[in-house]
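To start, the structure itself, in structure tokens.
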Amino acid sequence: GIYGAIFYQGSAVLLGFMYAVVDKDGQGVEIAGALNELYWGKGFVEEVSFALINDLFASGVGAVLATSAMENWSSVRVLKTLNFAEAGVKYV
């Protein structure tokens, strides 16, 4: 997988992390991450996710899967902002 920390540019302030794991056939990727609550609602997740997804598609990845709990409205909003389509609902 690809793992990365999210920092303010030029500083040592850790905002959160993201990762991408390529599936076995190399065609799809699952992305996930977390952001320190102090930095929620400031656009960091959208910005980092958009850049990561662009890089993944540029490298030849065919599909990207992102998951979120349906009750996590902020994450669902981010996925909609990034033009993800709802593929189903899983109950555990």
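Here are some notes:
- Helix-only arithmetic for the chain: the sum of -39500 (n - 2.57) across DSSP H runs with n ≥ 4, divided by the residue total, places the mean residue ellipticity at 222 nm at -8000 deg cm²/dmol.
- Among the trypsin sites (Lys or Arg not before Pro) within the chain, those in coil by DSSP and having at most 14 neighbouring Cβ atoms inside 10 Å are Lys24, Lys42, Lys90.
- Looking at the chain alone, DSSP beta bridges between its own residues are antiparallel in about 75 percent of cases.
- Charge context of Glu46, other residues only, Cβ under 11 angstrom, K/R +1, D/E -1: +2
- Largest GNM mean-square fluctuation across Ala12, Ala32, Ala69, computed for the chain with C-alpha springs under 10 Å, falls on Ala12.
- Of Leu14, Leu38, Leu56, the one that fluctuates the most in a GNM where the chain has Cα springs shorter than 10 Å: Leu38
- Mean Cα-pair separation over length for the chain, i.e. relative contact order, pairs under 8 Å, 6 or more apart, %: 21
- Check: the chain dipole with +1 on Lys, Arg Cβ and -1 on Asp, Glu Cβ, in debye: 100
No value in this document is a laboratory result; all are computed from the given coordinates. A quick note: this is a predicted structure, and the numbers were derived from the prediction, not measured. Positions of Cβ are generated from backbone atoms using ideal geometry, with glycine treated the same way; all protein chains shown enter the neighbour counts.
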